[in-house]
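To start, the structure itself, in structure tokens.
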Amino acid sequence: MKRLTSYIFAPNPTIQNLLQDAASPKIGREYLIAYCNELVKVLNKDVKKLQSLEWALQMSCINTFRRIISLRSEKLSKFSTISLLWKLVRQQLEKLPPDLSVAFFEEIHHLIKGMRGQSGIYDELRYPQYMDYEGREAAILRSEQLDEMAKKSDSYVKKYLTGLEDEVVQKRIENKKRILKHFKAEEKDWLNYKWHLANVIRNSEQLRSLVQLTQAEIEAIDEAKKFALPFGITPYYVSLMDYEPDRRHDHAIRAQVIPPMNYVAVLAQKADSIDLSCDFMLERATSPVDLVTRRYPNIAILKPYNTCSQICVYCQRNWEIDDVLFPRALASRKKILQAIEWLKAHPSVTEVLVTGGDPLIMNDQRIEFVLSQLAQLKNIERIRIGSRAPVVLPFRITDKLMEVIAKYHQPGRREVALVTHFEHPYEISPESMHAVQQFRTRGMSVYNQTVYTIENSRKFELVALRKYLRLIGVDPYYTFNTKGKEETKSYRVPLARLQQEVKEEARLFPGLVRTDEPVYNVPRLGKNYVRAEQHHHLLSILPDGKRVYEFHPWEKNLSLADSFVDVDVPIYDYLNELERRGENIEDYKTIWYYF
């Protein structure tokens, strides 16, 4: 413990000395805040010693440190960072928290390094040569520098395969043949979405007859079934999996539908109250009437169908879904009409997101009924359909269905748009591209919402997804930080990694490619934009290295609303998992300085 304590204070022994001199954590806080204030004064006077970017980072680290040792942060996070640091300096080992880990020491070490202007981020970077020139000569040198940046980023993007590449297309043709042979089916069956719905894979025995599974995958699926947790995969989506279980390329696809054991264990404990304990977004508190959710002034959600053709493990609404293609998931006409009446009575709602579940799994007649009822409301100028069908069941997007949907898309009067959910470039296929183009060729926009998980968070992995989505006709719309649900812990990525991705990876590509907004979904309130620090603050660092954040409501500056405090996953643990997967952690070294 003494070695770790020396490690965190090594970049700035003054902090350790001040804590040593303090008779209590309270006095230690006063000493350190005074010290931080003095540092800021010095930095604002002397601008010659530090390069401007390092100066800005140093100021950010000082402000962050000052905030996490503040009394306000202590009360909001229910933890005292200053008390822990004070005890560490005194080596009061018996008073240290039992969950104290290396992750905490790494956080404090990097923060203190940053406070001294020693982040090391810019140490190996040479000052751009073009800055010493003017005119055309400067432009040529700058262009050469940009070429190098583009080559480097492109080398990362090329690591990630898509389903449009010849070798992958051929592999999936073989997968399809194997699946059809198993079901004693024909090509015409494969093209019929009803055949896929009738043959959804519902247990490990079925799945292992189509692709190889690890023992851990088999056990997790079996346990999920034992506790009646929703599980199902369409034959088409199985065809996107590689036959071998090494998850080299299909890791995101398998992780999307095969639950990890810790997910099953958590939900098994909540089996009797899953509908209450798993409502992370507190939708009960934002549903003014059955089937409707409203968090914003001009848009509401309508949920006429409460299941899907397959189940995503980290689904926001897993607490509402009983099972894949649950027979009683379809809302009655009476319930739908009651929801429509509510929308009619609230003319400020001009846009409706029809989602669920997956509404496109309903039959054409019921889809027609829902759309026709919405189209009768004069206040509705946009109907958004939320569906994963293009990704998991592209054959559902038939010409007949498109005739139904397209007639309600009336430029100048009413827009109909599709919002889908691709997670990884490996999900993109000729079939999903065709489904997307069914909408695009009829003048309707297609958008994508991505959940940022461990499965798509490697360097430039999300950039690859954006790039190929644009090429098949999909506009990136939102990237959601994985919700802090206990059961999806193994999917979560630190907020700092999402901020890093936006600044250091997405920013290198054209604006039309990086149109998605990174957000954190605040329970009950809605989306918090995380691109800028002004909408959230780092409050504290817990003994196990988890950061505690305060998120501001979207209506800040417009009306009064409470902020929301949430706990992230440790950066140190995340980096260890990336390293286990073969990543070079040096590529992620700036992650500590995104607050």
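The values are calculated or read from the model by the stated rules, or taken from the named source; none is laboratory data. The structure presented is a predicted model; accordingly, all values stated were derived computationally and were not measured. Glycine gets a Cβ as well: all are built from the backbone with ideal geometry, and neighbour counts include every protein chain shown.
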| request: Take residue 398 and decide whether it is assigned by TED's automatic domain parsing to the domain that holds residue 290, of a type in the set (Ser, Thr, Tyr) and under 19 Å from residue 296 (Cβ atoms). | output: no
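When the residues of segment 502-535 are narrowed to those that are free of Cβ contacts under 8 Å to residues at least 40 places away in the same chain and either in contact with a strand residue (DSSP E or B) (Cβ under 7 Å, 6 or more places away or on another chain) or outside any loop (DSSP other than H, G, I, E, B) (or both), which ends up nearest to residue 572 (Cα to Cα)?
First, pick out the residues of segment 502-535 that are free of Cβ contacts under 8 Å to residues at least 40 places away in the same chain: 502, 507, 510-511, 528-529, 531-532, 534-535.
Retained after the next criterion (residues that are either in contact with a strand residue (DSSP E or B) (Cβ under 7 Å, 6 or more places away or on another chain) or outside any loop (DSSP other than H, G, I, E, B) (or both)): 502, 507, 528-529, 531, 534-535.
Details: 502: 20, 507: 25, 528: 24, 529: 24, 531: 22, 534: 25, 535: 24 Å.
Among those residues, the one meeting the criterion is 502.
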| task | Starting from residues that are among the aliphatic types (A, V, I, L, M) and in a helix (DSSP H, G or I), keep the ones in segment 213-252 and report whichever is surrounded by the fewest Cβ atoms within 10 Å (Cβ to Cβ). | result | 216
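Check whether at least one residue in segment 176-190 is among the β-branched types (Val, Ile, Thr) and farther than 30 Å from residue 43 by Cβ, and report yes or no. Reasoning before the result, please.
Here is the first cut: in segment 176-190, the residues among the β-branched types (Val, Ile, Thr) are 179.
Those left that are additionally farther than 30 Å from residue 43 by Cβ: 179.
Checked against the condition, which is being among the β-branched types (Val, Ile, Thr) and farther than 30 Å from residue 43 by Cβ, segment 176-190 yields at least one hit.
So which of 277, 273 is under 29 Å from residue 527 (Cβ atoms), at pLDDT below 95 and over 24 Å from the mean Cα position of the chain (by Cα)? Give the steps one after another, and end with the answer.
On the way: 277 fails: over 24 Å from the mean Cα position of the chain (by Cα).
Answer to the check: 273.
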| request: Go over the candidates 124, 106 one by one and state the one that is surrounded by 11 or more Cβ atoms within 10 Å (Cβ to Cβ) and of a type in the set (Asp, Glu). | output: 106
| query | Taking segment 67-118 only, how many residues are in contact (Cβ under 8 Å) with a residue 40 or more places away in the chain and on the phi > 0 side of the Ramachandran plot? | reply | 2
| field | Filter result (without any contact (Cβ under 8 Å) to a residue 24 or more places away in the chain and either touching a helix residue (DSSP H, G or I) at 6+ places or on another chain (Cβ under 9 Å) or not in a loop (DSSP other than H, G, I, E, B) (or both)) within segment 119-134 | value | 128, 129, 130, 131, 132, 133
| said: Residue under question is residue 575, and the condition is that it be surrounded by 18 or more Cβ atoms within 10 Å (Cβ to Cβ), hydrophobic (A, V, I, L, M, F, W, C), in contact with a helix residue (DSSP H, G or I) (Cβ under 8 Å, 6 or more places away or on another chain) and not assigned by TED's automatic domain parsing to the domain that holds residue 62; does it hold? | reply: yes
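Quick check: anything in segment 192-212 among the hydrophobic types (A, V, I, L, M, F, W, C), under 17 Å from residue 247 (Cα atoms) and not in a helix (DSSP H, G or I)?
Of segment 192-212, the ones among the hydrophobic types (A, V, I, L, M, F, W, C) are 195, 197-198, 200-201, 207, 210-211.
Still in the running and under 17 Å from residue 247 (Cα atoms): 207, 210-211.
So of that shortlist, the ones also not in a helix (DSSP H, G or I) come out as 210-211.
Scanning segment 192-212, I find at least one residue that is among the hydrophobic types (A, V, I, L, M, F, W, C), under 17 Å from residue 247 (Cα atoms) and not in a helix (DSSP H, G or I), so the answer is yes.
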| query | Going through segment 151-169 one residue at a time, which ones are aromatic (Phe, Trp, Tyr) and assigned to a helix (DSSP H, G or I)? | reply | 156
| request: Could you please find all residues in segment 543-566 being in contact with a helix residue (DSSP H, G or I) (Cβ under 7 Å, 6 or more places away or on another chain) and either in a loop (DSSP other than H, G, I, E, B) or basic (Lys, Arg) (or both)? | output: 543, 544, 545, 552
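Looking only at segment 283-296, which residues are modelled with pLDDT under 90 and either among the small types (Gly, Ala, Ser) or farther than 24 Å from residue 340 by Cβ (or both)? Outline the logic, then answer.
Looking only at segment 283-296, we keep the residues that are modelled with pLDDT under 90, and these are 283-286.
Of everything in segment 283-296, just one residue is modelled with pLDDT under 90 and either among the small types (Gly, Ala, Ser) or farther than 24 Å from residue 340 by Cβ (or both), namely 285.
Please work out if residue 39 is in contact (Cβ under 8 Å) with a residue 40 or more places away in the chain, among the hydrophobic types (A, V, I, L, M, F, W, C) and more than 20 Å from residue 100 (Cβ to Cβ). I'd like the intermediate steps shown before the answer.
Details: in contact (Cβ under 8 Å) with a residue 40 or more places away in the chain: yes; among the hydrophobic types (A, V, I, L, M, F, W, C): yes; more than 20 Å from residue 100 (Cβ to Cβ): yes.
So residue 39 fits the description; yes.
Quick one: which residue in 529, 491 is surrounded by fewer than 20 Cβ atoms within 10 Å (Cβ to Cβ), assigned by TED's automatic domain parsing to the domain that holds residue 314 and aromatic (Phe, Trp, Tyr)? Steps first, answer last, please.
Working: 491 fails: surrounded by fewer than 20 Cβ atoms within 10 Å (Cβ to Cβ).
Criteria check complete, one pass: 529.
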